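Just below is one structure, and these are the notes that go with it.
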Amino acid sequence: MGGLSLSLRKGAFLIITILTIAADQITKALILEHIRYYESIRVLPFFQIVNVQNTGAAFGLFRSLGNTFFVVLTVLAVVFILYLMLKDDGDSLSLSFILGGAVGNLIDRLRLGYVVDFLDFHIGEHHWPAFNLADSALTIGIGLLFLRMLLSGRERTKIS
């Protein structure tokens, strides 16, 4: 029965990964279809939707390394994440979000040669670089991993 339970859990995490990729790709397709490159639509005083092409890493950093570098790096990361998920050490939820985000941005890089960013937040003159749902999923997944590490460290400290 334990094997069935494990299979169901892995299936649930696969669904989270697929839904993350689908939501990311659908929103990016809508942006590309309805918003011109560098167009900006104000939604709230601190939030606008834009259409930005990111050829670098997070926040457009390291653009000079080129798309091929980021494709290879992402493929290696995806393989490593899949390996970790197969080990099933309790991090499958966070890894599902990380995997979904990584694959969502990888699809853009392979299909378009850049990543579509469109969520743009700012407060006054302080501006956060535009990002997308894949980036949000990566952030959630990394945050969950970090939280789990902190909590498991506390548990070990209590036991000692």
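The values are calculated or read from the model by the stated rules, or taken from the named source; none is laboratory data. Predicted model only: the values in this text are computed from it and were never measured. All Cβ positions, even for glycine, are placed from backbone atoms using ideal geometry, and neighbour counts span all protein chains on display.
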field: Single residue of the range 141-160 satisfying the filter (β-branched (Val, Ile, Thr) and farther than 21 Å from Val103 by Cβ) that is modelled with the lowest pLDDT
entry: Ile159
message: Tell me the residue from Val72, Val78, Val103 that is free of Cβ contacts under 8 Å to residues at least 60 places away in the same chain and closer than 18 Å to Lys10 by Cβ, please.
response: Val78
- line: (1) aliphatic (A, V, I, L, M); (2) farther than 13 Å from Thr17 by Cβ; (3) modelled with pLDDT of 95 or more all hold for Ala102 apart from (2)
task: Please enumerate the residues belonging to the range 66-116 that are among the acidic types (Asp, Glu) and either assigned to a helix (DSSP H, G or I) or loosely packed, with under 15 Cβ neighbours inside 10 Å (or both).
output: Asp88, Asp89, Asp108
statement: Taking first residues from the range 32-57 that are over 19 Å from Leu110 (Cα atoms) and second residues anywhere that are among the small types (Gly, Ala, Ser) and in a strand (DSSP E or B), the pairs with Cβ under 8 Å that are 6 or more apart or on different chains are Gln48/Ser40; Ile49/Ser40; Val50/Ser40
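If I ask for residues that are of a type outside the set (Val, Ile, Thr) and in contact with a Ser or Thr (Cβ under 6 Å, 6 or more places away or on another chain), which ones from the range 13-44 would you list? Let's see the steps before the verdict.
Initially, the range 13-44 is screened for residues of a type outside the set (Val, Ile, Thr), giving 13-14, 19, 22-25, 28-30, 32-34, 36-40, 42, 44.
Of everything in the range 13-44, just one residue is of a type outside the set (Val, Ile, Thr) and in contact with a Ser or Thr (Cβ under 6 Å, 6 or more places away or on another chain), namely Phe13.
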